[in-house]
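The values are calculated or read from the model by the stated rules, or taken from the named source; none is laboratory data. Source: prediction; values computed, not measured. Don't worry about glycine lacking a Cβ; one is built from the backbone with ideal geometry, like all the others, and counts go over all protein chains shown. We work out accessible area using only protein heavy atoms, side chains counted, and drop any ligands, DNA or RNA first. Shrake-Rupley method; radii C 1.70, N 1.55, O 1.52, S 1.80 Å.
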Amino acid sequence: MNLYLKPQIFTAMKNYDKNQLVKDIIAGIIVAIIALPLSIALALASGVEPQCGIYTAIAAGFIVSLLGGSNIQIAGPTAAFATIVAGIVAAKGMEGLVIATIIAGIILILMGVLKLGGLIRLVPHSITVGFTSGIAVTILLGQIKDFLGISYAKDVKPVEAIDKMEANFEFISTFTWQALLVGVICLAILIIYPKFEKRVPPSLIAVIISVLAVKFIPVLSDGVFTIGELYNNIPSGLPKSPVVGMNISVDTVVNAIPDAVKIAVLAAIESLLSCVVADSMVNSKHNSNSELVAQGLGNIGSAFFGGIPATGAIARTAANAKNGGRTPVAGMVHAVVLLLVILFLMPLAKLIPMPCIAAILFMVAYNMSEWRKFVGIIKERAVTDIIVMVVTFLLTVIFDLVVAIAVGVVLALVFYLFKRFVFKKEVKENV
């Protein structure tokens, strides 16, 4: 295998020991707990069956961790894909989505082989901080519903952060104090528990206590939704591959190419930027080209396994780092745990209260928010850098990651050219 495509797991295994194995297993379990409801919710937002999200997290999650270029990257369905996937499914059905996802996987592999992963280095630091903080705010806003126990009408399924906030205000009357109480207790555990005990992850303690409280305290069980109550039609067992029996023609492949290009470009951008964020969290260095190849293989595997497009998931990657994951083993454990859950443990997983998941993600959002770097750029950097960061941040929250990065890069380029050619003398003097 060419060195520039060498998976990170080979490097990680050189000095691997028992202590890190334990940490990776625990982190993988915690990330799987977080990924379960998220994968279901993202599948529904994408217009597909809820189990498709779990299949995606299993197949793509395992392949990307095994063959990828990051130590702690967690792959699976993400919010950035929801609108695109829903549009493809509405126009071309699940068959069109499967074909587009497979073609997108091939494109990603070619991008890695052609060494296009290095292009991520051209993204300015102000853009990275802006979109990371924006995603943190998006995650936080997206969990307010479950933290407060708010119920939407059946036909209301918001995807964007602003739409979710509008829905929260519209249905605030459905708020339950029981959900808030469970959420606050879990949040308190996540904040206070690590100050006294660091061997057992606080997320695991919060899950156990919240499950027992909702299960055995009647007054709480009446006002708190669990995974099983929100998503009670999730089947157990392995999926039947949608590729089997498909009628694929030249026309269907050609028609799927534009959708495949969109999926591939978005997957490349989000995955590599997630790797950048992951590197900053655990002081590591990723291999962009092998990550692109792994993302391509992961998307192909997801399509064959009954899933949807996948990419690096920043929130789950941050949760992995926060809970001690430091090698690709954690991501593989996360995928295996989800597989075991859907095969044998769905009845137990369905007991986890949604406010607990929301509290865990609140902490993930805080830890990945990079607010210190955000404030540091405002205090120390040039006005142009501040403008680029703030615009990227706002567009990430209001629209999506693709729009934010595209506008941020163009804006940064315009400012650079403006300084370079319009204020050429001043720039030289400053240098």
Reciprocal of mean inverse Cα separation for the range 166-303 (Kirkwood radius, Å):
20.3
Using the crude model of +1 on Lys and Arg Cβ and -1 on Asp and Glu Cβ, and no other charge, please compute the dipole size for the range 53-167 relative to its Cα centre, in debye to 20.
240
HN-Hα J couplings of the range 336-352 from phi, Karplus 6.51/-1.76/1.60, θ = phi - 60°, integer Hz, Gly and Pro as x?
5, 4, 4, 5, 5, 4, 6, 7, 10, 10, 4, x, 6, 4, 5, 7, 5
Which cross-chain or sequence-distant (5 or more) residues have an amide H under 5 Å from the amide H of Thr311, H modelled 1.01 Å from N in plane?
Gly76, Thr78
With label points built 7 Å along Cα→Cβ from the Cα atoms of Thr11 and Val219, find their separation and express it in nm.
5.5
Convert each backbone phi in the range 198-214 into a coupling constant with the Karplus relation 6.51 cos²θ - 1.76 cosθ + 1.60 (shift: θ = phi - 60°), then list the ³J(HN,Hα) values in order as whole Hz, x for Gly and Pro.
10, 6, 9, x, x, 4, 5, 4, 4, 5, 4, 5, 5, 4, 5, 5, 5
Compactness of the range 126-174, expressed as Rg and Dmax over alpha-carbon positions, Å:
12.4, 40
Non-local residues with an amide H under 5 Å from the amide H of Thr226, with H modelled 1.01 Å from N and Pro and chain starts lacking one, are Met354
Taking R0 as 25 Å, what FRET efficiency do you get between Val156 and Ile398 from their Cβ-Cβ distance, rounded to the nearest 0.05?
0.80
Among Phe216, Ile248, Leu273, the residue whose Cα sits farthest towards the positive end of the charge dipole of the range 209-341, when +1 is placed on the Cβ of each Lys and Arg and -1 on the Cβ of each Asp and Glu, is Phe216
So how do 352-365, 54-67 stack up, highest first, on mean other-Cβ count within 10 Å?
54-67, 352-365
For Arg326 the rounded accessible area (nearest 10 Å², probe 1.4 Å, non-protein molecules ignored) is 90
How many Å² of accessible area per residue for the chain, probe 1.4 Å?
45
Which order do Lys154, Lys215 take when ranked by solvent-accessible area (1.4 Å probe, heavy atoms of all protein chains), largest first?
Lys154, Lys215
Among Ile135, Ile162, Ile103: highest mean-square fluctuation, GNM of the chain, C-alpha pairs under 10 Å
Ile162
Who wins for biggest fluctuation among Ser151, Ser288, Ser173 in a Gaussian network model of the chain, springs between alpha carbons below 10 Å?
Ser173
Ala188-Leu348 pseudo-label distance in nm [points 7 Å out on the Cα-to-Cβ vector]
2.8
Cross-link list Lys6/Lys262; Lys157/Lys373; Lys6/Lys285; Lys164/Lys240; Lys154/Lys262; Lys198/Lys350: which exceed 22 angstrom alpha carbon to alpha carbon?
Lys6/Lys262; Lys157/Lys373; Lys164/Lys240; Lys154/Lys262; Lys198/Lys350
For the range 295-431, what is the per residue volume of the convex hull drawn over the alpha-carbon atoms, in cubic angstrom?
178
Karplus-derived 3J(HN,Hα), 6.51/-1.76/1.60, for each residue of the range 313-325, Hz, glycine and proline x:
9, 4, 5, 6, 5, 5, 5, 4, 5, 4, 9, x, x
In Å², nearest 10: area of Asp400 left accessible to a 1.4 Å probe
50
Accessible area of the range 254-311 belonging to carbon and sulfur atoms, whole % at 1.4 Å probe:
66
Across bins of 10 angstrom width beginning at 0, how are the C-alpha pair distances of the chain distributed, in whole percent?
5, 22, 32, 26, 12, 3, 1, 0
From the alpha carbon gyration tensor of the range 1-108, can you work out the equivalent ellipsoid semi-axes (sqrt of 5 times each eigenvalue) and give them in Å, largest to smallest?
30, 19, 8
Chain lengthening between Ile248 and Glu380 when straightened (0.36 nm per residue, less Cα-Cα)
41.9 nm
To the nearest 10 Å², what's Lys14's accessible area with a 1.4 Å probe?
140
Residue separation between Val282 and Thr174 times 0.36 nm, minus their alpha-carbon distance, gives in nm 34.8 nm
Of Phe225, Phe171, Phe131, the one that fluctuates the most in a GNM where the chain has Cα springs shorter than 10 Å
Phe171
